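Here is the structure we will look at.
The numbers here are math on the coordinates, done by the rules we state, and not lab data. Predicted model only: the values in this text are computed from it and were never measured. Don't worry about glycine lacking a Cβ; one is built from the backbone with ideal geometry, like all the others, and counts go over all protein chains shown.
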């Protein structure tokens with residue numbers, strides 16, 4: 001680890017990766033920033049040349065009520081989905097820590113199956129489960145006497161549609177959180193928990209005062225990763241809404257996509273995408289700081 | 001004693017319910033795939049495929065472009081994984097085994113680029129590739145996939161390499177091996193499992209990707225498996241049996257690979273995070 005003065009070797013080793021990252025990520029990023037200051041419609045697409053219009057794209061999205069609705073909707077969805085994912089994931093991890101080994105293995109296998117399911121496959125499964133005609137969900141709710149859900153269309157109402165999207169996203173995200181938190185729980189020294197229990201602390205207090213502080217780095221990492229993933233939600237909405245979601249189903253990623261590829265306003269779309277990146281920068285900052293702290297420890 | 005037995009029972013029951021709720025969608029996909037139409041389009045759900053059939057699979061794999069999609073996915077994924085692994089191996093070696101000026105900046109770069117919302121980058125990537133006449137070409141998708149596979153691969157491999165104590169290499173060098181000899185004989189076998197785990201995880205990420213392929217590949221014969229599968233619902237909304245069969249086939253390689261490496265990668269992600 002401590003080979004100072006290794007000369008040019010490390011630089012030669014990182015050079016190829018750096019060049020590739022610069023080309024495939026750096027250039028598109030630069031291009032996106034430039035695009036956001038350009039008019040880039042169908043005419044410009046044919047000529048591969050935008051027209052510089054300064055901050056006009058930003059001015060028009062900031063004066064657009066739809067844009068603010070989409071931003072708020074995406075933030076609200078992210079807050080709900082991340083909270084649910086973290087809470088349920090942690091509860092399942094705590095449950096796993098209490099279970100016998102056979103039961104824990106079973107639960108672990110179940111979680112891994114869900115974790116491994118590709119997003120597009122997961123969306124198709126839920127598409128089928130919430131089908132208005134033969135979907136298992138409508139049958140189940142009707143027979144649990146929660147109301148008449150025969151031929152109920154979940155997406156007719158945006159609130160119930162977003163509930164399905166949220167459930168689908170949370171279901172897919174729980175395993176990563178549960179398994180990671182469980183792995184971290186097993187590394188919490190037993191003596192600490194036992195000492196606290198002997199002192200007469202309740203299970204809840206042991207959890208709050210001993211476990212949570214120790215697991216804080218993991219919680220921060222999981223919460224920021226989940227935030228970044230959920231904030232760019234796209235696939236679930238796109239496929240569930242048959243590749244043409246109506247405005248009440250737009251997230252920021254869908255809105256940027258729609259503006260660029262369906263109305264051919266690539267400059268405007270880039271401005272939306274830039275705002276999206278900017279919002280995520282705040283979360284990234286928290287995440288990167290935590291990762292560096294941990295990097296120092298190793 | 002009685003109280004602890006009751007508690008045990010309640011815990012197991014809760015565990016079972018959680019398991020059932022989580023696994024149900026996957027169970028429903030697989031069972032639907034094996035059901036004949038009469039059991040799929042039933043007013044009361046049929047909970048188990050009592051009359052299993054392979055006709056849905058037969059239908060799915062004979063749909064237009066299925067095999068082209070499988071081939072395209074395999075080509076894209078193998079090139080992406082191979083190229084990323086070589087580049088990442090070198091970079092991870094530098095990060096794990098050398099101290100150099102700019103090391104920290106490079107680490108920040110690697111972590112930071114993983115945080116860029118890729119869904120935002122579709123617009124410039126599409127325009128750049130269309131200018132370079134790389135739309136509807138697998139090369140365009142391959143280059144695009146490097147954006148998320150490469151940084152992840154560098155980071156994970158670095159984690160595995162740090163786990164190898166440098167005393168081992170130094171001991172080999174004292175024994176008269178050259179630096180390179182020590183590296184090949186000591187380091188490589190030790191990080192072998194890490195290399196396998198990382199490449200499988202990179203495989204899964206590239207295999208599952210949807211939106212980039214959807215934007216960059218329009219020609220149905222050029223599309224990947226996820227794009228092929230997603231198009232299923234829009235073009236023929238109610239062919240649930242074949243759709244679930246196609247979904248099962250798409251998920252199958254991922255589930256198998258994932259089960260093999262999950263433990264390793266979860267370890268790589270969390271190692272060193274909790275300290276007493």
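What are the equivalent ellipsoid semi-axes of the stretch B:2-53, built from the alpha-carbon gyration tensor (square roots of five times its eigenvalues), in whole angstrom, biggest first?
34, 10, 8
Across peptide B:25-37, how many C-beta atoms of other chains are within 10 Å of each residue C-beta, on average?
For peptide B:25-37, the averaged partner shielding equals 3.
Considering only B:71, B:131, B:35, give the residue with the highest GNM mean-square fluctuation for chain B, with springs between Cα atoms whenever their separation is below 10 Å.
Result for chain B, Cα springs under 10 Å: B:131 fluctuates most.
For chain B, set up a GNM with springs between Cα atoms under 10 Å and report which of B:247, B:92, B:132 has the largest fluctuation.
B:132
Could you state the angle between the C-alpha long axis of helix B:66-97 and the longest principal axis of the C-alpha atoms of chain B, as a value from 0 to 90 degrees rounded to the nearest 10?
Long axis of B:66-97 versus the principal axis of chain B: about 20 degrees.
Inside 10 Å of the C-beta atoms of B:92-105, what's the mean count of C-beta atoms belonging to other chains?
For this peptide, the per-residue mean of nearby foreign Cβ atoms is 5.
How many Cβ atoms of partner chains, on average, are near each residue of B:243-254 if near means within 10 Å of its Cβ?
4
What does the C-alpha gyration tensor say about the overall shape of chain B? Classify as rounded when a/c is under 1.5, otherwise prolate if a/b is larger than b/c, or oblate.
Numbers: a/c = 2.39, a/b = 1.33, b/c = 1.79.
Since a/c reaches 1.5 but b/c is at least a/b, the shape of chain B is classed as oblate.
Just from its helices, what would the mean residue ellipticity at 222 nm be for chain B, if runs of 4 or more DSSP H residues each count -39500 (n - 2.57) and the sum is divided by every residue, rounded to the nearest 500 deg cm²/dmol?
Value at 222 nm, helices only: -25000 deg cm²/dmol.
Convert 25 °C to kelvin, take the viscosity as 0.890 mPa s, use the Kirkwood radius over C-alpha pairs of the protein assembly as shown as Rh, and evaluate the Stokes-Einstein diffusion coefficient in µm²/s, rounded to a whole number.
Numbers: Rh = 25.6 Å.
Stokes-Einstein gives a translational diffusion coefficient of 96 µm²/s.
Based on other C-beta atoms within 10 Å, arrange A:43, A:149 from fewest to most.
So the ranking, lowest neighbour count to highest, is A:43, A:149.
Once every DSSP H run of n ≥ 4 in chain A is given -39500 (n - 2.57) and the sum is divided by its residues, what mean residue ellipticity at 222 nm do you get, rounded to the nearest 500 deg cm²/dmol?
For chain A, the value works out to -22500 deg cm²/dmol.
Taking the Cα atoms only, what angle lies between the long axis of helix B:225-235 and the longest principal axis of chain B, rounded to 10 degrees?
30
Rank B:56, B:208, B:119 by mean-square fluctuation in a GNM of chain B with C-alpha springs under 10 angstrom and give only the top-ranked residue.
The residue with the greatest mean-square fluctuation here is B:119.
Taking chain B as the reference, fit the longest principal axis to its C-alpha atoms, fit the long axis of helix B:188-208 to the helix C-alpha atoms, and give the angle between the two in degrees, 0 to 90, nearest 10.
40
What order do you get for A:27-39, A:164-176 when each peptide is scored by the mean count of other beta carbon atoms within 10 Å, highest first? Let's see the in-between values first.
Numbers: A:27-39: 19.2, A:164-176: 21.8.
So the order, starting with the most tightly packed, is A:164-176, A:27-39.
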